[in-house]
Amino acid sequence: MTAKLSLRGVRKRFGEVEVCKGIDLDVDEGEMVCLIGASGSGKSTLLRCMNLLEPVDDGVILLDGQDISEPGLDPQPVRQKIGIVFQSYNLFPHMSAAENVMLAPRRVYGQSREELRPKLAEMFGRFGLGDRMDHYPDQLSGGQQQRVAIIRALAMAPQIMLFDEITSALDPELVGEVLDVLRDLRGQGMTMVLATHEMGFARELADKVCFLDAGRILEQGPPDALFNAPREDRTKAFLARVL
Ligand code: ADP
Ligand code: MG
């Protein structure tokens, strides 16, 4: 079976510093893969390479077996298929939640507000925001804004979703409601890659956990194996710090 997304020997450098040092990773359709590792280990850069926000210096990225990382290819169609959500939700403050969400599908797919509204109402409802569509970002909590940012990415009907520490900026009591959205998406069969510090969540829901250390995947496996029986000393040391 071809993986949904495959990375082979992916390298990325910023100036003199190599930040991804030959990453091999397979993400199967419907899988949730969690990237864990210390700050600076390369999690964000790897996610940004996956949807071509950063060009890779070497190696290939395959989506359904097709090389998407070739220099010179238009990244736009790939970014529509691979959505990304960041720690900072970056909603436009002068637009309502619904307008924020409709912006890209209106521009890119030429969909009308009338066409989009029922589909979005369903998503807002599902994520506990049924009565918040016409609120402005400053009328929403951080957890609500982050859920709107997730709906905004989903509105493009992506095949894969990337999440970069999307709960890290939230007050602790708001983390759960955002993780619930991920749990729901996983239940729907969305293919997902998350950089996360939520070890309990990764342990509960990930199909595969990858421990990144200085730009390499030092160890990867099912959460049970990785959390309960890590093989590498550096993985053990990291887990001892965060668990
Ligand atoms: P993580 O998400 O695991 O904290 P990052 O991917 O953000 O790791 O960063 C990995 C390394 O790459 C860090 O040393 C960081 O300073 C460096 N880095 C990330 N983005 C850039 C950039 N745009 N320019 C230069 N260095 C960068
Ligand atoms: Mg990061």
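The values are calculated or read from the model by the stated rules, or taken from the named source; none is laboratory data. Just so we're clear, the structure is a prediction, and the values are computed from it rather than from any experiment. Here the Cβ positions follow ideal geometry from the backbone for every residue, glycine too, while neighbour counts run over all protein chains shown. Quick note on the areas: whole protein, heavy atoms, side chains included, nothing else; ligands and nucleic acids left out. Shrake-Rupley method; radii C 1.70, N 1.55, O 1.52, S 1.80 Å.
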### Message
Just to confirm my filter: which strands (runs of 3 or more DSSP E) fall fully inside the stretch 27-94 and include at least 1 residues that are more than 14 Å from the chain's Cα centre (by Cα), modelled with pLDDT of 95 or more and closer than 26 Å to Arg234 by Cα?
### Response
58-63
### Selection within the stretch 29-40 - within 13 Å of ligand 1 (Cβ to nearest atom) and open to solvent by less than 10 Å² (accessible area, probe 1.4 Å)
Cys34, Leu35, Ile36, Gly37
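Residues checked against (1) charged (D, E, K, R); (2) open to solvent by 50 Å² or more (accessible area, probe 1.4 Å):
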| residue | (1), (2) |
| --- | --- |
| Arg107 | yes, yes |
| Leu129 | no, no |
| Arg147 | yes, no |
| Leu182 | no, no |
| Glu204 | yes, yes |
### Task
May I ask you to verify whether Gly176 is free of Cβ contacts under 8 Å to residues at least 12 places away in the same chain, more than 25 Å from Ser41 (Cβ to Cβ) and within 18 Å of the chain's Cα centre (by Cα)?
yes
